[in-house]
Amino acid sequence: MSMVEKSAEEFARRAFDLNLLDERQLESVWTELGTRNVSSTELQRVLVRRGLLTNYQVDRLARGEKAGFFYGEYKVLYLVGTGSFARVYRAVQKDTEKVVAVKVLRKRFSDDPTTCEQFIREGEMGAKLRHPNIVPIYEVHSTKRNHFMVMDFIEGRNLREFVRVRKKLGEDEALRFTTDIAAGLAYAAEQFGIRHRDLKLSNVLMSSTGRAQLVDFGLAAVSGLDDDYGDGINPRTIDYAGLERSTGVRKDDPRSDIYFTGCMLYHMLTGQAPLVETKDRSQRLSKARFEEITPIDQLLPELPRHVVLIVKKAMELNVARRYQTPAELLADLRLTTRRRQAEDGQGSKGSNEGVDKSVMIIDSNTDMQDVFRQGLKKVGYRVLVVSDPQRALDRCNTGDHVADCLVFGCHSLGKPGLEAFNQIGQMDQTKQIPAVLLLAENQSEFAEKALLDDHRVVAKMPLKMRQFREVLRKLLSESTAE
C-alpha cells in the first residue's frame, strides 16, 4: 500500500470509527474518486464539497482529535462562539438533522461543582422561557465529562458584531431592536419573575429576518453575588454590581436590566458605548463611571426629543425616576414607533417585491454590505450578510435551507469568492440555488473561470441597485417557475 493511499484510508477510517461517516457514504466517495490511491487532501476536498464533513470536522480529524465531535445525540458541525465559561457550536441532531446550537461548559470548569451547578441552573431557568425575542433552550445535560445545553440556532450575528460593522444605526432600526429586547425582558419578568443580569450587545442575537433575540437568561439566580458586593462578584455581572452599589439599591434590582437596555440603545444610536470600556475591576465598580456619561443629546443634538427622553429615562441613575418595569419601557418604545410612523407616513408595508424571499450576501466590504442590506430590505427581501466565504460554505454544508439566492461579492473577496461560488455550484445540496457572482471591472478573467448556468450568473460593477434587484427578481422568478 502506498503512503498516499494509506494516508487517505487512515483519514477515512478515523471518520468512520468516530461515527462521522457511514460505510455507504464512504463507498460513494471512493466510487466518485475512482481509486483509493489519492491524497488525504483530495479525499477531504470531496467530503467537504459533498457536504459529508465540514471544514471544522476535517481540521480536527486531521489533527488526530477524538473527542468533541458529539455531545449526546448532537453532532458538532463547527465552532461559532467562545466565552469565558463556555463554547457554542452549531450542531445537528443525529436522527432528525435538526440544526441547533450547543453551549458547552469549558473543560477547565468541569471539575468545579459550583460552576457546573451554576451553568446547569442557568440553563434550566432559561428553558422555562418561550418568547419570540428570547432564544429558546430545549435541553440541559450534565454528565461526568460534559455539561451542555441545547438551544435554537440563530442564523445571524450578535448585536455587538452588527454595530461594529455598521458603526451606528438609524433611529428606526435602533428603536426596533430595543423594542424586541424590552419585549423579551417584559415577558420573563411578568411570567416568571426572571431577570437577565448580563445585558450587553453580545448577548443579543440578530436573526436573518432582523429580529433581536436575547440569550443567557437566568444569571440572577446563579450569579453568586455576595450581599456586600465583595469578592464573590461574578465576572459576568460586575457592571450590574457597580451600578447597584453606585445607586444604593439591593443586588438583583429588577430595574438594572432597564438601565443596561438603555445603554444598548445609546450605543446603537451613537456608535459608542456610554460606559468607559475597561477590564479593570475597580474602574468597572466605580461610581464615577456611571456619573460621567456624556448625555446623548450632546452627541446627537438632532435626535428627536421623544427618543432622547427614552434613553435618559432608561439610564436614569436615580432609580425612582427610571422606568420601573420592562413593560413600561416597552410601552414607551411602541408609542414612539407609532408616532414616528404617523409622522413619516410609513404605516404602509411598501413594496413586496422580495416578500418571502431571502438573500445571503457574501461580501467583506462593510459599505457594500450596508448598500445591499438597505436596498433589498426596503422591497421586502430578508437579508443575511456574511463577510467570510468559508463561513458561508460551512453554513451551506449543513444541508438546511440558508437562502433563496446567494450573492458573492468578488470585488471585495477576490479569488476566494470565485472559489466559493464554484464550490457552491458543485455541492449536491446547493447546486440548484440561484447565485450571483458580482465582479469588479478589472475581474473579467474570473467570469471565464466561473461555473455558470441559467440560475448561476455574473453581474459586473458598477451596478445600480435597481439593476441588481432586477437580476435577483429574474433569477428567483425562474427558479420558482421550475
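Things to note:
- The range 119-174, residues that are β-branched (Val, Ile, Thr) and either part of a strand (DSSP E or B) or more than 17 Å from the chain's Cα centre (by Cα) (or both): Ile120, Ile134, Ile137, Val140, Thr143, Val150
- Residue within the range 130-137 that is in contact (Cβ under 8 Å) with a residue 40 or more places away in the chain, surrounded by fewer than 21 Cβ atoms within 10 Å (Cβ to Cβ), of a type outside the set (Phe, Trp, Tyr) and touching an Asp or Glu at 6+ places or on another chain (Cβ under 9 Å) present: yes
- Boolean, Arg466 is modelled with pLDDT under 90, assigned to a helix (DSSP H, G or I) and farther than 26 Å from Ser207 by Cβ: yes
- Just one of the numbered conditions (1) among the small types (Gly, Ala, Ser); (2) closer than 25 Å to Thr337 by Cα; (3) surrounded by fewer than 21 Cβ atoms within 10 Å (Cβ to Cβ) is not true of Ala288: (2).
Each row is one residue, and each column tells you yes or no for (1) touching a strand residue (DSSP E or B) at 6+ places or on another chain (Cβ under 7 Å); (2) surrounded by fewer than 15 Cβ atoms within 10 Å (Cβ to Cβ); (3) at pLDDT 90 or above; (4) among the aromatic types (Phe, Trp, Tyr).
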{"residue": "Pro326", "(1), (2), (3), (4)": "no, no, yes, no"}
{"residue": "Gly345", "(1), (2), (3), (4)": "no, yes, no, no"}
{"residue": "Gly354", "(1), (2), (3), (4)": "no, no, no, no"}
{"residue": "Met360", "(1), (2), (3), (4)": "yes, no, yes, no"}
{"residue": "Asn365", "(1), (2), (3), (4)": "yes, yes, no, no"}
{"residue": "Arg373", "(1), (2), (3), (4)": "yes, no, no, no"}
{"residue": "Arg382", "(1), (2), (3), (4)": "yes, no, no, no"}
{"residue": "Val386", "(1), (2), (3), (4)": "yes, no, no, no"}
{"residue": "Ala392", "(1), (2), (3), (4)": "yes, no, no, no"}
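- Test: residue in the range 383-404 that is in contact with a His (Cβ under 9 Å, 6 or more places away or on another chain), assigned by TED's automatic domain parsing to the domain that holds Val471 and at negative phi: no
- Residues in the range 367-376 include none that are touching a helix residue (DSSP H, G or I) at 6+ places or on another chain (Cβ under 7 Å) and either outside any helix (DSSP H, G or I) or free of Cβ contacts under 8 Å to residues at least 40 places away in the same chain (or both).
- Filtered by the rule that a residue be closer than 13 Å to Pro434 by Cα and under 28 Å from the mean Cα position of the chain (by Cα), the range 456-470 gives a lone residue, Arg456.
- Restricting attention to the range 101-118, the residues that are over 17 Å from Gly68 (Cβ atoms) and under 26 Å from the mean Cα position of the chain (by Cα) total 3.
- Boolean, Val58 is assigned to a helix (DSSP H, G or I), within 25 Å of the chain's Cα centre (by Cα) and either at pLDDT below 95 or not assigned by TED's automatic domain parsing to the domain that holds Asn422 (or both): yes
- Scanning the range 244-258 for residues that are out of contact with any helix residue (DSSP H, G or I) (no Cβ under 6 Å at 6 or more places or on another chain) and touching a residue at least 40 places away in the same chain (Cβ under 8 Å), we see that the one that is surrounded by the fewest Cβ atoms within 10 Å (Cβ to Cβ) is Val249.
- Gly51, sole failed condition from (1) within 28 Å of the chain's Cα centre (by Cα); (2) part of a helix (DSSP H, G or I): (2)
- Close pairs from the range 330-342: first more than 10 Å from Arg176 (Cα to Cα) and assigned by TED's automatic domain parsing to the domain that holds Gly262, partner among the small types (Gly, Ala, Ser) and part of a helix (DSSP H, G or I), Cβ under 7 Å, at least 6 apart: Leu330/Ala182; Leu330/Ala183; Leu330/Ala186
- Glu97 exposed (fewer than 15 other Cβ atoms within 10 Å of the Cβ), part of a helix (DSSP H, G or I) and either of a type in the set (Asp, Glu) or on the phi > 0 side of the Ramachandran plot (or both): no
- When each of Lys94, Lys103 is tested for being closer than 22 Å to Arg195 by Cα and at pLDDT 90 or above, the lone residue that passes is Lys103.
- Ala91 meets the conditions (1) surrounded by 20 or more Cβ atoms within 10 Å (Cβ to Cβ); (2) over 27 Å from Arg145 (Cα atoms) in every case but one. The failed one is (2).
- Of the helices (runs of 4 or more DSSP H) entirely within the range 408-459, those holding at least 3 residues that are without any contact (Cβ under 8 Å) to a residue 40 or more places away in the chain occupy 415-426, 444-449.
- Residue under evaluation Arg157, criteria (1) farther than 30 Å from Thr366 by Cα; (2) modelled with pLDDT under 95, criterion not met: (1)
- Residue match in the range 275-283 (condition: surrounded by 17 or more Cβ atoms within 10 Å (Cβ to Cβ), part of a helix (DSSP H, G or I) and touching a Phe, Trp or Tyr at 6+ places or on another chain (Cβ under 9 Å)): no
- Residue check for Met264: in the same structural domain as Pro304 (by TED's automatic domain parsing) and touching a strand residue (DSSP E or B) at 6+ places or on another chain (Cβ under 9 Å): yes
The values are calculated or read from the model by the stated rules, or taken from the named source; none is laboratory data. Since the model is a prediction, treat every value here as computed from it, not as a measurement. Virtual Cβ from ideal backbone geometry, glycine too; neighbours counted across all protein chains shown.
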